[in-house]
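Asker: Attaching a single structure in structure tokens format; questions to follow.
The values are calculated or read from the model by the stated rules, or taken from the named source; none is laboratory data. Note that the coordinates shown come from a computational prediction; the quantities given were computed from them, not determined experimentally. Glycine gets a Cβ as well: all are built from the backbone with ideal geometry, and neighbour counts include every protein chain shown.
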Amino acid sequence: MSLNTISNIGVNIQEKATVIWNVADMLRGPFKPHEYGLVILPMTVVKRFNDCLMPTYNEVQETYQNVKHLAVIDGFLTTASGYQFYNISKFTFDSLLADPQNIEANFRDYLAGFSSNIQDILAKFDFDNIIKRMVESNTLYLVIREFNTPKGYLGPDKISAVDCGYIFEDLVKRFSESYGEEAGAHFTSRDIIYLMTDILLNEADLATEGNITVYDMT
């Protein structure tokens, strides 16, 4: 991979992460700068899941109606969604915004529709308490609206799983820095990883040596 390619990847990831992080403008006042990540990180995860599932939304809804009386339904729903997760809620980000008066109840219904593996992820974010704070500060609707704009789109047709991971890492870095922490304590940035790989494989003949094993002491 050339240095230009590495540079372009880094720029694209940072640009998308910046766009997402700028949603924090909606949070000024009710949330302190070091708390922005408490909203931005889980919302990024939820929006990624939402955008992944939208193409099979109708299939999942139809399948759920057909199998909801059965004792075990996960297999049917993951097959319908095309992923190892799904959402059976009738709500989407579009329909949530269409009913601002009931945004909290509808958003909670939307989140409750996710499969159990996604529920575990949301529980680790302590997202329930964050939603309460957004409702009290009248920012829940605004945040959902911002994430539903074209700039907040995180679908796999535009952003690969790898790039989405890099974007999330960049957001974690910004969150850490807002705490005044060292970002390096949480992850190694992409440019450093590329440089380390180039140094390690500098004298390797990849064409004839085949697989290369490298010991990572971390």
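Asker: Scan the range 130-164 for residues that are farther than 17 Å from VAL23 by Cβ, surrounded by 14 or more Cβ atoms within 10 Å (Cβ to Cβ) and modelled with pLDDT under 90 and jot them down.
Answerer: ASP163
Asker: Which pairs have Cβ atoms under 7 Å, sit 6 or more apart or on different chains, and link a residue in the range 93-107 that is free of Cβ contacts under 8 Å to residues at least 60 places away in the same chain to one that is basic (Lys, Arg)?
Answerer: Once the first residue is free of Cβ contacts under 8 Å to residues at least 60 places away in the same chain and sits in the range 93-107, its partners that are basic (Lys, Arg) give LEU97/ARG145.
Asker: If you don't mind, there's one more thing I want to ask. Please tell me if ASN4 is modelled with pLDDT under 95, surrounded by fewer than 17 Cβ atoms within 10 Å (Cβ to Cβ), out of contact with any helix residue (DSSP H, G or I) (no Cβ under 6 Å at 6 or more places or on another chain) and not acidic (Asp, Glu).
Answerer: When the stated conditions are applied, ASN4 passes them.
Asker: Go through the range 29-76 and give me each residue that's touching a helix residue (DSSP H, G or I) at 6+ places or on another chain (Cβ under 7 Å), within 16 Å of PHE91 (Cβ to Cβ) and among the polar types (S, T, N, Q).
Answerer: Result: ASN50, THR56.
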